[in-house]
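In what follows, a single structure is set out as structure tokens and then discussed.
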């Protein structure tokens, strides 16, 4: 079972990465954007999910394992039923769709 402490650890580790990426961007945005953009996007996206899961622990009468299983099931269905990239005319939208899919895969492994 995934514990509240485990989610706190994931959140803390992720926060360290986010701060590191932000510092790198502040030091030299143009030089680091190419290398950090994907990493910071993914870290920030996953941070929202960690916060959501953490919030479930604070709800009264919440069935945390069941909520996490529902989330995992939804991610599995998304990954199976959707294409990895969107068919948008906006290439950035297509790229972020791919990154979100990769985040979902990573979360399935972590959770």
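Brief remarks on what is shown
- Only one entry of 11, 1 meets the criterion of being touching a residue at least 60 places away in the same chain (Cβ under 8 Å) and under 30 Å from residue 62 (Cα atoms), and that entry is 1.
- One residue alone among 72, 39, 48 is surrounded by 11 or more Cβ atoms within 10 Å (Cβ to Cβ) and closer than 24 Å to residue 92 by Cα, and that residue is 39.
- Filtering the stretch 44-89 to residues that are over 18 Å from residue 11 (Cβ atoms), part of a helix (DSSP H, G or I) and free of Cβ contacts under 8 Å to residues at least 12 places away in the same chain leaves 66, 69, 70, 73, 74, 77, 80, 81.
- Residue within the stretch 91-107 that is within 19 Å of residue 1 (Cβ to Cβ) and either in contact (Cβ under 8 Å) with a residue 12 or more places away in the chain or more than 16 Å from the chain's Cα centre (by Cα) (or both) present: yes
- Per the conditions (1) surrounded by 15 or more Cβ atoms within 10 Å (Cβ to Cβ); (2) over 28 Å from residue 19 (Cα atoms); (3) modelled with pLDDT of 90 or more, the sole criterion not satisfied by residue 100 is (2).
- Yes/no for residue 92 being in a helix (DSSP H, G or I) and farther than 27 Å from residue 12 by Cβ: yes
- Matching entry among 34, 60 (being modelled with pLDDT under 95, under 29 Å from residue 4 (Cβ atoms) and more than 16 Å from the chain's Cα centre (by Cα)): 60
The values are calculated or read from the model by the stated rules, or taken from the named source; none is laboratory data. Quick caveat: nothing in here was measured; it's all calculated off a predicted structure. All Cβ positions, even for glycine, are placed from backbone atoms using ideal geometry, and neighbour counts span all protein chains on display.
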